[in-house]
Every structure is written in structure tokens, then in C-alpha cells.
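**Student:** My structure is below; once you've seen it, I'll send some questions.
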Amino acid sequence: MQKDLHYLLIIEGFTMKYILFGFSMSVLLFIYGLGLIILGYIGIETYFDATWVAIAFLILAFFVRFTLPLMFGAIYGLMVTFGLNIWFSILIVAPSIVFILPSIVLYVLNRVNTYNKRITIYN
């Protein structure tokens with residue numbers, strides 16, 4: 001009986017360690033994403049010198065799910081506002097671009113595939 005309780009505590013501790021790691025990584029990724037959204041807003045507002053354009057890109061990012069302009073705005077915001085080198089700016093924004101580009105390609109391929117299915121149904 002005592003060995004079973006000890007084994008259970010080791011397994012629960014092992015599991016809790018991974019749960020805590022997953023939760024902390026989720027919080028860090030949320031903060032990173034929020035920071036990139038803010039940097040994108042700052043970069044777009046600085047480039048176009050108009051707040052309404054930056055708000056329009058934010059609306060585009062949230063409702064249409066097209067966040068590529070925000071990422072380029074984040075690179076520009078890091079370069080101009082914070083004075084970082086272009087390569088360091090790209091390095092900071094690169095993880096989000098790595099996840100955005102495959103989703104854009106998948107979206108386009110899905111639309112093309114749906115369009116081809118419609119053509120074969122009508123022919």
C-alpha cells in the first residue's frame with residue numbers, strides 16, 4: 001500500500017511539472033503575441049502617420065485573420081521606434097511569420113481546391 005502511494009505521488013509530481021510548464025509557456029506565448037500586436041500597431045501608425053489605418057489593420061487582423069501586415073508593422077516599429085537593426089527585428093518577429101505563412105498557403109490551397117470541386121460539380 002505504501003509503495004502505491006509513493007508511486008502515485010511521483011507520477012502526480014511528474015505530471016504537475018509538465019502542466020506547470022505548459023501553462024507558463026502558454027502565458028509567455030500570449031504575452032509575446034500581444035507584444036507583437038502592439039508593435040505592429042505602433043509600426044503601422046508610424047509608417048502611415050494615421051491612427052485610422054492602424055486600427056483598420058487591427059480590425060483586418062482580428063476579423064479576417066490576415067495578420068501579415070501587423071508583422072511587417074512590428075518589424076518597422078522595432079526598427080524605427082526602438083532603433084533596432086533590421087536583422088534583429090526580423091529575428092524577433094520570425095516565430096510568428098513561421099506560423100503565419102503556412103496558414104496563408106493552406107488557406108489559398110483550400111480555396112483553390114474548393115473552387116475546383118465547384119467546377120467539376122457544374123460540368
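The values are calculated or read from the model by the stated rules, or taken from the named source; none is laboratory data. Source: prediction; values computed, not measured. No Cβ is skipped: glycine too gets one built from the backbone with ideal geometry, and neighbour counts run over all protein chains shown.
**Student:** Which of the numbered conditions does V93 fail, given that it passes all the others? Conditions: (1) in a helix (DSSP H, G or I); (2) without any contact (Cβ under 8 Å) to a residue 40 or more places away in the chain; (3) surrounded by 11 or more Cβ atoms within 10 Å (Cβ to Cβ).
**Tutor:** V93 satisfies every listed condition except (2).
**Student:** Condition test on G35, is it at pLDDT 90 or above, in a helix (DSSP H, G or I) and small (G, A, S)? It would help to see each step written out before you state the result.
**Tutor:** Values: at pLDDT 90 or above: yes; in a helix (DSSP H, G or I): yes; small (G, A, S): yes.
The answer is yes for G35.
**Student:** In the list F99, F57, F82, which residue meets the criterion of being modelled with pLDDT under 90 and not in a helix (DSSP H, G or I)?
**Tutor:** Working: F99 fails: not in a helix (DSSP H, G or I); F57 fails: not in a helix (DSSP H, G or I).
From the options F99, F57, F82, the qualifying one is F82.
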